[in-house]
1. Taking the simple approach of a point 7 Å from Cα along Cα-to-Cβ for both E303 and Y56, what is their distance in nm?
2. In terms of modelled amide H atoms, which long-range or inter-chain residues lie less than 5 Å from the amide H of I176?
3. Can you run phi through the Karplus equation (6.51, -1.76, 1.60; θ = phi - 60°) for region 14-19 and list ³J(HN,Hα) in whole Hz, with x for Gly and Pro?
4. Within the set of other residues whose C-beta is less than 13 Å from the C-beta of S142, count the net charge using Lys and Arg as +1 and Asp and Glu as -1.
5. Which percent, to the nearest 5, of DSSP beta bridges fully inside region 114-330 are antiparallel?
6. Tell me which residues come under 5 Å, amide H to amide H, from S124 once H is placed; ignore anything under 5 positions away on its chain.
7. Which shape class applies to region 114-330: rounded if a/c is under 1.5, otherwise prolate when a/b exceeds b/c and oblate if not, where a ≥ b ≥ c are the square roots of the Cα gyration tensor eigenvalues?
8. ³J(HN,Hα) across region 43-57 via Karplus (A = 6.51, B = -1.76, C = 1.60, θ = phi - 60°), whole Hz, x for Gly/Pro?
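Every number in this text was worked out from the coordinates using simple rules, so none of it is lab data. Everything numeric in this text was worked out from a predicted model, so none of it was measured. Reconstructed Cβ throughout: ideal geometry from the backbone, glycine too, with neighbour counts over all protein chains shown.
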Amino acid sequence: MSSLIKKNIDRSLKFVYSENNSLSVIFHDNDLLMGVVGEFNKNLKQLEKISETSLYSRGNSIVIKSDPKKNEIIKNAIQFLVNQYITNGGIENKDIVSSVDKFMINEKVKNNNVTDIIKTPKKSIIPRSEKQKNYVRALRQSEIIISAGPAGTGKTFLAVAVGLTMLLEKKIERIILSRPAVEAGERLGFLPGDMREKVDPYLRPLYDSLYDLFDFEKIQRMIEIGDIEIAPLAFMRGRTLKNSFAILDEAQNATDTQIKMFLTRIGENSKIIVNGDPSQIDLANKNSSGLDRSKKLLGHLNEIAVVDFDHSDVVRHPLVSKIVKAYSKND
């Protein structure tokens, strides 16, 4: 932030602390206030939701009501948004997310074991729940990890993040991304293109995680040279995976035989991760899904970690957790 912009922000804002753990951020420029809070207070509502604080727009001020530490974090976040508005003439949703992450990261680091944090080239990933912490530890310590739970609990994202850091640290030689490509049958032959082109649409969530953690061009290069391999589940038979970090995503759509086949591919200095959501089975015969059976059969083995997530571990939009909980109750 340039000294000129900082002076402009200092002149534009005044901070008033009250005894009831509230902090008022007073704006001297109403246009600047409107730009920060957004139309119909949409920016303020988003900031409130992400930071889990109580925020109010009153007159020419924003009132923050939380504990003193949180108040200071949101104060800094508002200053960050003011800077974005002055510099760019507007505020995007990603700016609001960044405003909170930027100043909450140090606080989260203090409350987390440093070994739980995943440092990738683009960002540091911090597990948000106890089960996510256990999952990250399992990804680092166990040879096989089986995780099950609803969408948004971080199963795929955390696994890709750990795999990418291990690849960059040269602890492994490649990441293998696999998925039951066409529901139960995996009948890929009729689709146009080579193997990667056939399966790419089904692996889009895995690609999204990679691109969120590392530069697009570098990921593309790693795919081209084979450091990251796209391997549909149907093509995994007969292989032995050495020095690899292999992720089977959407494993609820793999049969018992397919999961057994995938798990038995493990070789020297390798990890195998099986992730799935038992509530989203697309197989014609839902009872043929092998995810739950693999947990029951293998959970007692010391080398295999089993992690079960639930709606309380959802880290997407807060509404996702409520939707998952509502469906779980009905089921």
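1. 6.1 nm
2. Long-range HN contacts for I176: E229, F245, A246, I247.
3. Listing the rounded values in order: 9, 10, 10, 9, 10, 6 Hz.
4. Charge balance near S142 sits at +1.
5. 10 percent
6. Amide H to amide H, under 5 Å and 5 or more residues apart or across chains, S124 pairs with nothing.
7. rounded
8. Result, rounded to whole Hz: 5, 5, 5, 5, 4, 5, 5, 5, 8, 6, 10, 9, 10, 9, 9.
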